[in-house]
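Here is the structure we will look at, set down as structure tokens.
No value in this document is a laboratory result; all are computed from the given coordinates. This one's a predicted model, so the numbers in the text were calculated from it and none came from an experiment. No Cβ is skipped: glycine too gets one built from the backbone with ideal geometry, and neighbour counts run over all protein chains shown.
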Amino acid sequence: MFREKIAELLRTTTDAGQNVFTHRTAPVKPELLPVIFVAIPSEAGSSFGRCQPGFNKIVKVEVVAKVSGGTPQAVQQNMDRIAEQIEMSVMCDQDLQRSISQVTDFNLEQGLLDDAEDHLGGVKITFGLEYQQDYPVSGVALQEITGLVGTEEGITAPGLRVDFPQ
């Protein structure tokens, strides 16, 4: 869900336009740049406890952008620009932020690729997105709870009954 949501968001808010992919990591020709790849390399969860199965999960969303330019300075400017576009798109999108608890961490790496014929650069931004996931338990739905209420003196108070709506 997060991979597709972020990819769609970046298609409308970055210089990469429609060159945002979620299932492609192949080399790209310089004339197709800028290009962005969105991946989810890991997801981890910790249990809410001994109750209905549920987890507090953190998904790592990795956004890799590749840019070109006529000079190393132009490539650096293009890297800074697309990095800012990606960061602001993810951090300021209300719909995305409503679907998570928090952004747990943020890491940005960038560098010039000096082994290519053209001047190229790459940016990698990793976001940690925290959200909660509950798993429904099958079985008979709880209808009511009944019980007795006691005091320290051993006196039993009137009974207790809680009905649950259908």
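Brief remarks follow.
- Sorted peptide list for 117-129, 85-97, criterion being average Cβ within 10 angstrom, highest first: 117-129, 85-97
- With the highest mean first, a sort of the peptides 53-63, 136-146 on other beta-carbon atoms found within 10 angstrom per residue produces 53-63, 136-146.
- Cα centroid of the stretch 73-96 to Cα centroid of the stretch 1-54, whole Å: 14
- Calculated over the stretch 1-89: convex hull of Cα atoms, volume per residue (Å³): 108
- Helical runs (DSSP H, four residues minimum) scored at -39500 (n - 2.57) apiece and divided by the length of the chain put the mean residue ellipticity at 222 nm at -7000 deg cm²/dmol.
- Only Lys, Arg (+1) and Asp, Glu (-1) charged, at Cβ; the stretch 26-131 dipole about Cα centre in debye: 500
- What you get for the stretch 50-89, charging only the Cβ of Lys and Arg (+1) and of Asp and Glu (-1), is a dipole of about 320 debye around the Cα centre.
- Distances between placed amide hydrogens fall under 5 Å for GLY69 paired with HIS119, all partners being 5 or more residues away or on another chain.
- Each residue, MET1 and ARG50, gets one label point 7 Å from its Cα in the Cβ direction; the gap between the two is 2.9 nm.
- Those lysines that a straight Cα-Cα span of less than 27 Å connects to LYS29, excepting residues fewer than 8 apart in one chain: LYS5, LYS66, LYS124
- Mean Cα-pair separation over length for the chain, i.e. relative contact order, pairs under 8 Å, 6 or more apart, %: 20
- Label assignment, Cα extents along the principal axes in Å derived from the structure, set (1) 39, 33, 32; (2) 74, 32, 28; (3) 87, 31, 25: (3)
- Size-normalised alpha-carbon gyration radius of the stretch 46-113, reference 2.2 N^0.38 Å: 1.58
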